[in-house]
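J.: Questions regarding the structure given below will be posed in turn.
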Amino acid sequence: MQSRQPSRRVTMTDVARAADVSPMTVSYTYNRPQRVAAETRDRVLRAAQALGYAGPDPSARSLRYGATRTLGVVLGEHLTYAFDDPQAVAFLAGIAEVCAERGYGLLIVPTGTGEEDPDRVTAAAVDAYVIWTTTADDPVLAAAGSTHRPVVVHSGPDRAGTTVIGIDNRAAARAAGLEVFATARRPAVLSFPVDRRRESFVRSGVDPDTVAYPVTRDRLAGYRDAALDLGLDWSEVPVGVCRTNDVAEARTVMRELFAVAPGIDAVAAMGDTLALAALSETTGPLRVSGWDDSELARDNNLTTVAQSLREQGAACAAAALGESAPDHRDSWRLIRRSSTVGAGTRPAPAVVQRMALPPVTGTTAPEM
């Protein structure tokens, strides 16, 4: 029997011949697209798609290993975010720990809303990708998938061919909402951005199904679940959306919330930084919950949802490098402190209570 010859791998030269350009032009199309005329770039990409060419193979750059032995992290934020935001720092530390243990390098690929973002992702000399939570319409997801390398997405969105690792944000937000809204007459939410435009606004009854970011969508849905469980009208709950996880931004949005609804007596915030900003803007009793159990939360006796982004980062890295992906959906807990137990007081020590999942009971600790 005649042995079947393996199909020949499509090369950059093949694409150049099909597009009637030089191999250098093909290389620039993928690595320096700004140096190629739009019409020529489109012709090259059409030829590449027709031939099944996914782009330059970074593994060819390492003859010793046959791979780059580098893990790429697509951040979706300004590069300084990786060093300024405490939760991003924790997440990246978990990834770095796994890379160090396995002898891998770490490459951060910052992206935003630029047209060059997909090209930057596909040109990265990496063996696999970990993508910080983004939206389903983010073109970097398709770009990463087109390379046929492993792709792990933190907290979604869930896309065919990718692995998603993260907690059950909806269940956790419901638990926090049941706590912070328990005695509220005029609750409010201080939210992360709803889509990649990152516009700031205040609006009542935001429909979670209209929100593009999975984390924001699930947390809003959880807060809505809690409000409905407590007999509150979600359509009347004002939501203040912040562009960034920034104190000054959150304080501005909180002032807008108070202007729209002067009687606000409870705020569920999607981050500890946002929650502390809410407390700094109030002049009366205010029940507040945060998220992440950061040092800020512990220092200020803030009720919060605790999760380990370092552990989730490590799990994302391990999964991207071919190991089984652990289930982190239940890896959270609600920590009750005096920001909801006794609004306006701070001296109480932290009280930790693990919440059953699901359903979550709405019991409230006694006032202190």
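J.: One residue is enough: does the stretch 180-190 have a residue meeting the conditions closer than 25 Å to residue 88 by Cα and either aromatic (Phe, Trp, Tyr) or outside the structural domain of residue 254 (by TED's automatic domain parsing) (or both)?
T.: No, the stretch 180-190 contains no residue that is closer than 25 Å to residue 88 by Cα and either aromatic (Phe, Trp, Tyr) or outside the structural domain of residue 254 (by TED's automatic domain parsing) (or both).
J.: If you don't mind, there's one more thing I want to ask. Looking at residue 18, is it at pLDDT 80 or above and either buried (at least 17 other Cβ atoms within 10 Å of the Cβ) or in contact with a Cys (Cβ under 6 Å, 6 or more places away or on another chain) (or both)?
T.: yes
J.: Could you say which residue among 100, 96 is modelled with pLDDT of 90 or more and in contact with a strand residue (DSSP E or B) (Cβ under 7 Å, 6 or more places away or on another chain)?
T.: That would be 96, the only listed residue that is modelled with pLDDT of 90 or more and in contact with a strand residue (DSSP E or B) (Cβ under 7 Å, 6 or more places away or on another chain).
Here is a yes/no grid of residues against (1) closer than 26 Å to residue 269 by Cβ; (2) surrounded by 19 or more Cβ atoms within 10 Å (Cβ to Cβ):
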{"site": "139", "(1), (2)": "no, no"}
{"site": "156", "(1), (2)": "yes, yes"}
{"site": "163", "(1), (2)": "no, no"}
{"site": "190", "(1), (2)": "yes, yes"}
{"site": "210", "(1), (2)": "yes, no"}
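J.: Here are some conditions: (1) in contact (Cβ under 8 Å) with a residue 60 or more places away in the chain; (2) under 30 Å from residue 339 (Cβ atoms). Residue 282 meets all but one. Which one does it not meet?
T.: Residue 282 satisfies every listed condition except (1).
J.: Now a separate question. Would you pick out the residues in the stretch 238-273 that are under 24 Å from residue 298 (Cα atoms), of a type in the set (D, E, K, R) and surrounded by fewer than 24 Cβ atoms within 10 Å (Cβ to Cβ)?
T.: 246, 249, 251, 265
J.: Among what's in the stretch 99-131 and is among the acidic types (Asp, Glu) and part of a loop (DSSP other than H, G, I, E, B), pick the residue that is nearest to residue 161 (Cα to Cα).
T.: Filtering the stretch 99-131 for residues that are among the acidic types (Asp, Glu) and part of a loop (DSSP other than H, G, I, E, B), the one nearest to residue 161 (Cα to Cα) comes out as 127.
The values are calculated or read from the model by the stated rules, or taken from the named source; none is laboratory data. These figures come from a predicted structure and were not determined experimentally. Reconstructed Cβ throughout: ideal geometry from the backbone, glycine too, with neighbour counts over all protein chains shown.
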